[in-house]
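**Student:** Mind looking over this structure? Questions follow.
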Amino acid sequence: MSTAIIAIAFSGDALRYTIGWVGYVLITLVLAVLLGIALRRRHSQVRLRHLPTMLLAFVAWCGLSTLWSQYPLETLAASAAQLLTAYFGLGLALCLTRFQFFQALGAAARILTGGSLLFELGVKIFAPHGLVPPAYLYLNELQFFLGPDTPHDLANIPSNFYWSHANLSIFAQGDIQGLPGNRNLLAMIAVIALIMTIAQLWDRYLPRLYAMSMIAISAFVLVHAHSATAFIALAFVALGGMLVFLGRRISRTLRWAMYWAVGTLLVAGAFFVVANNDFIFATMNRSPDMSGRGDIWRAVITLGTQSPVFGIGWISYWAPWLPQFDDLAVIEGTAYHQAHNAFLDVWMQTGAIGVALFALLTFTALIRTWWIAIDQPDTPFLTVTGQQGARQHLASQTAAPFLILVALAVQSMTESRLLVEGNWMFLCWAAIYAKLRITSPSFLPRHLHTGVIQVIDRARDA
């Protein structure tokens, strides 16, 4: 069930494209009930005071914005969806040990990545001109989005309404979109699959041949998705991995020196990117405004200035039927329904107060998962035995939450996905898990033999 929850959270579009919103909501509610049963059997004693303060404050502020929202009914619905997604994060944190969660997350990411490649292959063979989501056709959703001018010929439908463009090829030419129906979302799932598979391979949780195959598939999908954001996120993940490696091995004094060095490097890098953005984006085959995002940001800022402190009302997904959003971000005749920046989106919806709370939530989750990643007493040693003797190392998977949060934080600069579905659920899980792990570990499930060194036979993976 946990793998299904994670897979659906990160690829809800695949369900909505096939069975529509009603079917998607019904499946989500069934999973919520099953998770509730598991939580009841768990008999957890966690109370609100044990949960992350910033998470509670941000969710409460979003709900409170109903009082001054320009669209109160939609704000109530958005708050309900936000709470339900956070509930899934809470349930996974309280029902699974961290290694059980890693196993479910890795499996879900690999299923979505491998499934997306098979899906694109199927579209290439059976629908070489591209595939429009079936729900758009039999539920008449195209008419809802495009109005009376909806083309009768599928070839004339705007490209962003296609589930897949049948661009799969050996050479990285067109963009593939996979099961999520979006190259940027697919690429980030591939990044998560790479992080989890490499960590689990290093810890010998996966057979070597299977792990190497999935690393190759994930890399192939990442390259063919052509997401500049994902490549930048992967670079930051690599930097984060190096810092974890060093942080586990140096003293506290040297860590502070490392923090200052990394901070200086990041600030200098930011100035360099701003000063040379034309050259950098041209190198990545992207326009300086990042494929029209500059126009979207300017439109969002204009709307947000109507209420810069409190915001115009929480909405998460932009409701296309609301006059505030139906034509707010139109690029080349196509309407987009997100700000393409999570923090700018939160500011527009919940004002300066809301974005401050959200930024603190993200920052504290990053800091806490960082301390867990480098905390040697809390990280189990793994002993791998083989013909050359035994080799011990600290479990790599305990660094995965920090590395994935780094990737999602980078993505939040050009996508608003951190506010909804899988990204929001993972942020909630990481914030809750890290807070409890550091302050109230007795509330978290743990195996009977926690702390015992695991012995893994290298021959099993040969």
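**Student:** Restricting attention to the stretch 108-135, report how many residues are open to solvent by less than 30 Å² (accessible area, probe 1.4 Å) and assigned to a helix (DSSP H, G or I). Even if it seems obvious, please write down each step before you answer.
**Tutor:** Let us first name the residues in the stretch 108-135 that are open to solvent by less than 30 Å² (accessible area, probe 1.4 Å), namely 108-110, 112-116, 120, 122-123, 127, 130, 132-133, 135.
So of that shortlist, the ones also assigned to a helix (DSSP H, G or I) come out as 108-110, 112-116, 120, 122-123, 135.
Counting residues in the stretch 108-135 that are open to solvent by less than 30 Å² (accessible area, probe 1.4 Å) and assigned to a helix (DSSP H, G or I) gives 12.
**Student:** Among the residues of the stretch 451-460, is any polar (S, T, N, Q) and at pLDDT below 60? Please lay out each step first, then the result.
**Tutor:** Initially, the stretch 451-460 is screened for residues polar (S, T, N, Q), giving 454.
Then keep just the ones that are at pLDDT below 60; that gives 454.
Within the stretch 451-460, one or more residues are polar (S, T, N, Q) and at pLDDT below 60.
**Student:** What number of residues within the stretch 157-186 are assigned to a loop (DSSP other than H, G, I, E, B) and modelled with pLDDT under 90?
**Tutor:** Step one: filter the stretch 157-186 for residues assigned to a loop (DSSP other than H, G, I, E, B), giving 157-158, 162-163, 165-182.
Restricting the remaining residues to those that are modelled with pLDDT under 90 gives 157-158, 162, 165-175.
The qualifying residues number 14.
**Student:** Yes or no: Thr97 in contact with a Pro (Cβ under 6 Å, 6 or more places away or on another chain) and open to solvent by 10 Å² or more (accessible area, probe 1.4 Å)?
**Tutor:** Numbers: in contact with a Pro (Cβ under 6 Å, 6 or more places away or on another chain): yes; open to solvent by 10 Å² or more (accessible area, probe 1.4 Å): yes.
For Thr97, the condition - in contact with a Pro (Cβ under 6 Å, 6 or more places away or on another chain) and open to solvent by 10 Å² or more (accessible area, probe 1.4 Å) - is met.
**Student:** Just one of Ser213, Ser251 is open to solvent by 50 Å² or more (accessible area, probe 1.4 Å) and more than 27 Å from Ile8 (Cα to Cα); which is it?
**Tutor:** Working: Ser213 fails: more than 27 Å from Ile8 (Cα to Cα).
Only one candidate qualifies: Ser251.
**Student:** Continuing with this model, one more query. Can we say Ala335 is out of contact with any Pro (no Cβ under 9 Å at 6 or more places or on another chain) and under 21 Å from Asn160 (Cβ atoms)? So that I can check it myself, show each step before the final result.
**Tutor:** Working: out of contact with any Pro (no Cβ under 9 Å at 6 or more places or on another chain): no; under 21 Å from Asn160 (Cβ atoms): yes.
No.
**Student:** Within the stretch 35-50, track down each residue that is in a loop (DSSP other than H, G, I, E, B), open to solvent by 70 Å² or more (accessible area, probe 1.4 Å) and either acidic (Asp, Glu) or closer than 17 Å to Tyr433 by Cβ (or both). Please lay out each step first, then the result.
**Tutor:** Here is the first cut: in the stretch 35-50, the ones in a loop (DSSP other than H, G, I, E, B) are 43-47.
Still in the list and also open to solvent by 70 Å² or more (accessible area, probe 1.4 Å): 43, 45, 47.
Answer for the stretch 35-50, where residues must be in a loop (DSSP other than H, G, I, E, B), open to solvent by 70 Å² or more (accessible area, probe 1.4 Å) and either acidic (Asp, Glu) or closer than 17 Å to Tyr433 by Cβ (or both): Gln45, Arg47.
**Student:** When both residues are 6+ apart or on different chains and their Cβ atoms are under 7 Å apart, which pairs have a first residue that lies in the stretch 42-62 and is touching a residue at least 40 places away in the same chain (Cβ under 8 Å), and a second that is open to solvent by 60 Å² or more (accessible area, probe 1.4 Å) and part of a helix (DSSP H, G or I)?
**Tutor:** Met54/Leu360; Trp61/Ile353
**Student:** Identify the residue in the stretch 392-433 that is among the β-branched types (Val, Ile, Thr) and assigned to a loop (DSSP other than H, G, I, E, B) and, among all such residues, is modelled with the lowest pLDDT. Talk me through it step by step, then tell me what you get.
**Tutor:** Initial filter on the stretch 392-433 (among the β-branched types (Val, Ile, Thr)): 398, 404, 406, 410, 414, 420, 432.
From the residues that got through so far, the ones that are assigned to a loop (DSSP other than H, G, I, E, B) too are 414, 420.
Details: Thr414: 90, Val420: 94.
For the stretch 392-433, the residue satisfying everything is Thr414.
**Student:** May I ask you to list the residues in the stretch 61-84 that are out of contact with any Leu (no Cβ under 9 Å at 6 or more places or on another chain), open to solvent by 30 Å² or more (accessible area, probe 1.4 Å) and in a helix (DSSP H, G or I)?
**Tutor:** Leu64, Leu67, Pro72, Leu73, Leu76, Ala77, Ala80, Ala81, Leu83
**Student:** Oh, and also: Restricting attention to the stretch 8-24, does a residue exist that is in contact with a Cys (Cβ under 9 Å, 6 or more places away or on another chain), open to solvent by less than 40 Å² (accessible area, probe 1.4 Å), under 19 Å from Leu92 (Cα atoms) and among the aliphatic types (A, V, I, L, M)? Talk me through it step by step, then tell me what you get.
**Tutor:** Restricting attention to the stretch 8-24, the residues satisfying the condition of being in contact with a Cys (Cβ under 9 Å, 6 or more places away or on another chain) are none.
Taking every residue of the stretch 8-24 in turn, none turns out to be in contact with a Cys (Cβ under 9 Å, 6 or more places away or on another chain), open to solvent by less than 40 Å² (accessible area, probe 1.4 Å), under 19 Å from Leu92 (Cα atoms) and among the aliphatic types (A, V, I, L, M).
**Student:** Of the conditions (1) hydroxyl-bearing (Ser, Thr, Tyr); (2) open to solvent by 30 Å² or more (accessible area, probe 1.4 Å); (3) farther than 30 Å from Met258 by Cβ; (4) out of contact with any His (no Cβ under 9 Å at 6 or more places or on another chain), Tyr162 satisfies every one except a single condition; which number is it?
**Tutor:** (2) is the only condition that Tyr162 fails.
**Student:** Further, regarding this structure: Enumerate the pairs (first residue in the stretch 407-432 and at positive phi; second residue anywhere and in a helix (DSSP H, G or I) and among the aromatic types (Phe, Trp, Tyr)) with beta-carbon separation below 9 Å, excluding pairs fewer than 6 apart on the same chain, so at least 6 apart or on different chains.
**Tutor:** Glu421/Phe10
**Student:** Would you point out which residue out of Trp321, Trp297 is in a loop (DSSP other than H, G, I, E, B) and modelled with pLDDT of 80 or more? Talk me through it step by step, then tell me what you get.
**Tutor:** Numbers: Trp297 fails: in a loop (DSSP other than H, G, I, E, B).
Of Trp321, Trp297, the one residue that is in a loop (DSSP other than H, G, I, E, B) and modelled with pLDDT of 80 or more is Trp321.
**Student:** Of all residues in the stretch 120-139, which are under 16 Å from Asn167 (Cβ atoms) and out of contact with any Ser or Thr (no Cβ under 7 Å at 6 or more places or on another chain)?
**Tutor:** The initial filter retains those residues of the stretch 120-139 that are under 16 Å from Asn167 (Cβ atoms), namely 120-132.
Scanning the stretch 120-139 gives Leu121, Gly122, Lys124, Ile125, Phe126, Ala127, Pro128, His129, Val132.
The values are calculated or read from the model by the stated rules, or taken from the named source; none is laboratory data. Given the structure is predicted, the values throughout are model-derived calculations rather than measurements. As a convention, Cβ positions derive from the backbone with ideal geometry for all residues, glycine included, and neighbour counts pool all protein chains shown. What goes into the accessible areas is simple: the full protein's heavy atoms, side chains included, and nothing from ligands, DNA or RNA. Shrake-Rupley method; radii C 1.70, N 1.55, O 1.52, S 1.80 Å.
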